[in-house]
1. For the range 84-142, take the alpha-carbon Rg, divide it by the Kirkwood Rh, and send me Rg/Rh.
2. Within the range 83-165, list the trypsin sites (Lys or Arg not before Pro) lying in a DSSP loop whose Cβ has at most 14 other Cβ atoms in a 10 Å radius.
3. Find the centroid of the Cα atoms in the range 12-90 and in the range 116-146, then give the distance between the two in whole Å.
4. What is the distance, in nm, between label points placed 7 Å from the Cα along the Cα-to-Cβ direction at Arg128 and at Leu148?
5. Output needed: percent of Cα pairs per 10 Å distance bin for the range 41-181, bins running from 0 to the one holding the longest distance.
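Just so it is clear, none of the values below were taken in a lab; they were calculated from the coordinates. Everything numeric in this text was worked out from a predicted model, so none of it was measured. Ideal geometry is used to build each Cβ from the backbone, glycine not excepted, and the neighbour counts take in all protein chains shown.
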Amino acid sequence: MPGNRFSGGKNVRSIDEHQARGTYRPDRHGNTTTPQPPKGKPEVPNGLSRVERAEWNRIVGYLDQMGVLSIIDGAALFQYVKLYGEIDDINALYTENKTLVARLRTAGHTLKGRRQTAALKAIERLERSIARYAVHLRQARAAIRQYLVEFGLTPASRARVRISPHAKGNGKLAEFRGQSRN
């Protein structure tokens, strides 16, 4: 059962976990079930850029090795990789504008009159863009961190990920478990 308003809900356990810990109570847990999403890799969606597809393959590989990947995770993973691609695009624009400002400042010292004024106005416009991109990057990085937490891909969130004791593992974790029992 979920915790109260003071516990933060961290004591939520599946029926399998209650049974394994000996805390299963038929009066409290008897009429509930824990949904078991179908294990497997979601299909790679259409319309991903090269960067987004590479991130999809990377993140799906990690989640599959951890044994927590489900077919129904595709929608959340899609949103994550689209956000990842947007961050990559914003970062490219941010870097490009910083490079242009540096070039204009260097060239601005040799310019005179209207050309120097035009260069200074261009620098001012670019610096405003750089400031906006910096804000967008900070916000996007915070949003992407929320996705990483959701999938258990940060050190703190990884400690809260629970894998059902009845679920068949895969990858190196399953190999390790199989070897440790022999």
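1. Details: Rg = 13.6 Å, Rh = 12.2 Å.
Ratio value, two decimals: 1.11.
2. Numbers: sites: Lys98, Arg103, Arg105, Lys112, Arg114, Arg115, Lys121, Arg125, Arg128, Arg132, Arg138, Arg141, Arg145, Arg158, Arg160, Arg162; in loops: Lys112, Arg160, Arg162.
Loop-located and lightly packed - Lys112, Arg160, Arg162.
3. 34
4. Between Arg128 and Leu148, the simple spin-label model gives 3.3 nm.
5. 10, 28, 23, 16, 11, 7, 3, 1, 0
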